[in-house]
Structures are given as structure tokens and as C-alpha cells.
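Below is one structure, written out as C-alpha cells; the observations come after it.
The values are calculated or read from the model by the stated rules, or taken from the named source; none is laboratory data. Computed from a predicted model, the values in this text were never measured in an experiment. Reconstructed Cβ throughout: ideal geometry from the backbone, glycine too, with neighbour counts over all protein chains shown.
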Amino acid sequence: MTLFTTLISFLSGGLPKLLDFFQDKQDKKHELALAQIQVQSQLEMQKAGFQAQEHIEEIRTEQISIQAQASERQALYAHDIEIGKGASQWVINLRAMVRPTITYGLFFLLVIIDIAGVWYAWTQNAPFKEMMALVWDDDTQIIWASVVSFWFGTQAFSKK
């Protein structure tokens with residue numbers, strides 16, 4: 001059993017690199033597809049007699065915007081590091097726990113409210129379909145999707 005858990009632990013250490021490889025491969029495939037679409041679009045515009053200059057300017061503007069966002073993110077990281085210099089370790093740890101604490105709080109609040117709602121509906125003999133429509137409504141789904149998307153989507157792949 002120890003050998004098995006050691007093997008699993010060893011293999012799981014390389015899992016992030018493996019996922020990065022597949023993400024990079026998918027990103028390159030997506031970029032290639034976008035480039036092909038842009039080339040086809042420009043060729044069609046040239047066939048129709050239109051100049052692609054406006055489209056090129058839009059692409060340049062988008063690239064400048066992406067570069068500005070990247071430099072802004074780097075400046076925010078540098079500022080965050082600068083603020084932490086000279087602080088004690090518990091202050092640094094406390095600052096790092098703000099967003100995760102809020103996320104955990106939202107999650108546990110959602111669970112408590114859902115359990116209380118299901119329990120109340122159950123004791124009142126409410127039909128299951130109506131009970132779930134009230135507990136897992138559109139607003140709750142949007143909040144939950146936002147939290148999950150933030151932590152497992154943008155944040156996970158934006159840090160390299």
C-alpha cells in the first residue's frame with residue numbers, strides 16, 4: 001500500500017506540468033485556427049474590393065489592450081510584493097487569506113442556506129421539483145458559477 005501511495009504521490013507531482021502541456025497545445029491550436037480565420041477573412045475582403053486596413057487596426061488595438069492588461073497585472077504584482085516587504089509573516093499570511101476566506105465563507109453560506117431550505121421544504125411536504133427550483137435558482141447558479149470560474153478558470157491559468 002505504501003508503494004502504491006508513493007507512486008501516486010510521485011505521479012501527481014508531475015500532473016501540473018502535464019496539464020500545462022495540454023493547455024499549451026490547445027492554446028497553440030486555437031491561435032492557429034484564429035490566424036487562419038483572419039487570413040481567410042482578409043482574402044475575402046480583398047476579393048470584394050475592400051481594404052483590410054480597418055481590420056488590421058482593430059487587431060493592433062486589441063494587441064495593445066492585451067499588452068496593457070499584462071503590464072498592469074505585472075505592476076499590481078510588483079506593488080503587492082513591495083507592500084509585503086518588511087511585514088511580519090502572519091501579516092503576509094493574513095493578507096493572502098482574504099480572498100480564499102471570502103470564497104469559503106460564500107461556499108459554506110450557500111451550503112447552510114441550501115440545507116436549511118431543503119429541510120424546511122421537506123418538513124412542509126413541498127414537492128421536490130418546487131423545492132429544488134427555490135433552493136437552486138438562477139441567481140444561486142450565477143453566484144456559484146462566478147466563484148468557481150474565478151478560482152478554477154481565470155486565476156489558475158493566468159499565473160505562470
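Which of the residues spanning the range 62-82 are under 18 Å from residue 98 (Cα atoms) and within 19 Å of the chain's Cα centre (by Cα)?
Passing the criteria: 76, 77.
Which condition from (1) β-branched (Val, Ile, Thr); (2) over 22 Å from the mean Cα position of the chain (by Cα); (3) modelled with pLDDT under 80; (4) over 30 Å from residue 31 (Cα atoms) is the one that residue 56 breaks?
In the conditions (1) β-branched (Val, Ile, Thr); (2) over 22 Å from the mean Cα position of the chain (by Cα); (3) modelled with pLDDT under 80; (4) over 30 Å from residue 31 (Cα atoms), residue 56 misses (4) alone.
Give the range 58-105 a look and list any residue that's assigned to a helix (DSSP H, G or I) and of a type in the set (S, T, N, Q), or say none.
Within the range 58-105, the subset assigned to a helix (DSSP H, G or I) is 58-84, 89-96, 98-105.
Matches in the range 58-105: 61, 63, 65, 67, 69, 71, 74, 89, 93, 101, 103.
Restricting the search to the range 91-133, which residues are of a type in the set (Asp, Glu) and loosely packed, with under 11 Cβ neighbours inside 10 Å? Walk me through it before giving the result.
Initially, the range 91-133 is screened for residues of a type in the set (Asp, Glu), giving 114, 130.
If the condition is that a residue be of a type in the set (Asp, Glu) and loosely packed, with under 11 Cβ neighbours inside 10 Å, then 130 is the only one that fits.
If I ask for residues that are touching a residue at least 12 places away in the same chain (Cβ under 8 Å) and not aliphatic (A, V, I, L, M), which ones from the range 58-94 would you list?
73
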